[in-house]
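The values are calculated or read from the model by the stated rules, or taken from the named source; none is laboratory data. Keep in mind it's a predicted model, so treat the numbers as computed, not measured. Counting neighbours? That spans all protein chains shown, and the Cβs are built from the backbone with ideal geometry, glycine included. Only protein heavy atoms, including side chains, enter the accessible area calculation; ligands, DNA and RNA are left aside. Shrake-Rupley method; radii C 1.70, N 1.55, O 1.52, S 1.80 Å.
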Amino acid sequence: MIKIKNIKAREILSSMGAPTVEADVLLENGVMGRASVPFGASAGIHEAHILFDNDPKRYYGKGMQKACRNVNNVIAKALVGKLVSNPQKIDEILIDLDGTSNKKKLGGNSILAVSLAAARAAAQSVDKPLYKFIREKYKLPYKEWILPKPMMVVIEGGKHAAKSTDFQEYIISVCGQASARELIRWGEETYYALKGLLEEKGLSTNVGNEGAFAPPGIETNEEPLKLITAAIKKAGYSPGKDIAISLDPAASEFYEADEGRYLLKREHAALSSDQMIALYDEWLTKYPILSVEDGLAEDDWSGWSKMYKKLSSKTRVIGDDLTVTNKKRIQKAIDEQVINAVLIKLNQIGTLSETVEAIQLGQQHGFWQIISHRGGGETTDSFMIDLGVAVNAEYFKVGPSRGERTAKYNRLIRIEEELGK
Ligand code: PGA
Ligand code: ZN
């Protein structure tokens, strides 16, 4: 029966050098849980609200002091003295306290930091690793631990890297059968093989937000598919069998809603939804593609419906900006039959409990779950990995380099060892 003694938030720096929120939840037994939250560069418009200060004198308006004050004053007042053991209860209080549908009042950034820090403190109090605590508390029905496989972003463009591809992410999905640490090794070796191929072509190997290569001078949005297929072979793996390719065009970012057109600068082309779908369909026959995420814009529902009909027997159709880890949007995607996999990002919805509910809804329909990092600002917090392990997620998506990304891989390597695998 352990109670919360104090809650404190502060502005810390994210991987982009811009602020984000970190919260400490201190318990009466002396245990302290700490968590920090990431944010997207190409966030969907239906995501939980991020509360910025909008004070141009600090961090060009991107400060998060207001969000921290909300934690230290409003949220602390509501939670101090409450039992910490049940994350569902804590999240219920947080959701009620905010009272809006998208956490506009207190900010998804304030609420999530506390939700995660409280869960971590509660897990530590009963001496359980976070992934075990989550599985038990949410009564998740799995007996075995099936660790998520890596989706490693290896080339990035769009909002994540100026002057690279229009498409946001080219990902290697390490789909073979081996331990997590081995699959991670396969992925990193392929990343380095790709580096060699880029160098041979005289292309830059500087990295973007997510630690993936972001070469200006790539001529088409198709070229990375050729390079990555070659890199998989060069590293000694079998394309499609050991390692496949996943695409995240993040199509909302280059959609012209008025015209109903997708603008591809590399190709000097403006494509309709039908033409985008035909392009993916053609690529599916040419390259070992495992999944297509956000292939169309977040509110192009009629396009999504056609895309699902055409592609879903050949590949996983993933919703990210479309579904934003929100049960209502996932339900709409179920009703309209437009996806068979969901990207999961804790900060899209803003509490641990709502995230777990979103995952369970998708799992009831056989959707793959892909737990994902954010491309805007990340932190070294690896909560997402514990979540992925707790729910037996099929994949987790993280960039291959930079400390805030490798922290996630390293957490999984440690969990695997702890589980004696
Ligand atoms: P974001 O991008 O975190 O910048 O939104 C990642 C993604 O779209 O998957
Ligand atoms: Zn995405």
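If a residue has to be among the charged types (D, E, K, R) and open to solvent by less than 30 Å² (accessible area, probe 1.4 Å) to count, how many in the stretch 310-347 make the cut?
Of the residues in the stretch 310-347, 3 are among the charged types (D, E, K, R) and open to solvent by less than 30 Å² (accessible area, probe 1.4 Å).
Give me the pairs, please: first residue somewhere in the stretch 29-41 and within 16 Å of ligand 2 (Cβ to nearest atom), second residue anywhere and of a type in the set (Val, Ile, Thr), beta-carbon distance under 7 Å, and either six or more positions apart or on two chains.
Here the result reads PRO38/THR20; PRO38/THR379; PHE39/THR20; PHE39/ILE50, each pair linking the stretch 29-41 to a residue that is of a type in the set (Val, Ile, Thr).
Among the residues of the stretch 394-408, which ones are surrounded by 24 or more Cβ atoms within 10 Å (Cβ to Cβ) and away from ligand 1 (no atom under 14 Å from the Cβ)?
Within the stretch 394-408, just PRO400 meets the criteria.
In the stretch 1-104, which strands (runs of 3 or more DSSP E) lie fully inside it and hold 1 or more residues that are touching a helix residue (DSSP H, G or I) at 6+ places or on another chain (Cβ under 7 Å), open to solvent by 70 Å² or more (accessible area, probe 1.4 Å) and not assigned by TED's automatic domain parsing to the domain that holds SER252?
The qualifying strands (runs of 3 or more DSSP E) are 4-13, 32-36.
Let me confirm something: among LEU183, LEU197, which residue is open to solvent by less than 10 Å² (accessible area, probe 1.4 Å) and in the same structural domain as ILE370 (by TED's automatic domain parsing)?
The conditions single out LEU183.
In the stretch 262-279, how many residues are open to solvent by less than 40 Å² (accessible area, probe 1.4 Å) and out of contact with any Ser or Thr (no Cβ under 8 Å at 6 or more places or on another chain)?
7
Residues in the stretch 203-218: is at least one polar (S, T, N, Q), within 16 Å of ligand 2 (Cβ to nearest atom) and either in the same structural domain as LEU183 (by TED's automatic domain parsing) or touching a strand residue (DSSP E or B) at 6+ places or on another chain (Cβ under 6 Å) (or both)?
yes
Over 25 Å from GLU92 (Cα atoms), within 15 Å of ligand 1 (Cβ to nearest atom), in contact (Cβ under 8 Å) with a residue 60 or more places away in the chain and open to solvent by less than 20 Å² (accessible area, probe 1.4 Å): is that true of GLY376 in this structure?
It is true that GLY376 is over 25 Å from GLU92 (Cα atoms), within 15 Å of ligand 1 (Cβ to nearest atom), in contact (Cβ under 8 Å) with a residue 60 or more places away in the chain and open to solvent by less than 20 Å² (accessible area, probe 1.4 Å).
Checking the conditions here, which among GLY303, GLY350 is over 16 Å from the mean Cα position of the chain (by Cα) and either closer than 29 Å to ASP381 by Cβ or surrounded by fewer than 24 Cβ atoms within 10 Å (Cβ to Cβ) (or both)?
Going through GLY303, GLY350 in turn, the sole match is GLY303.
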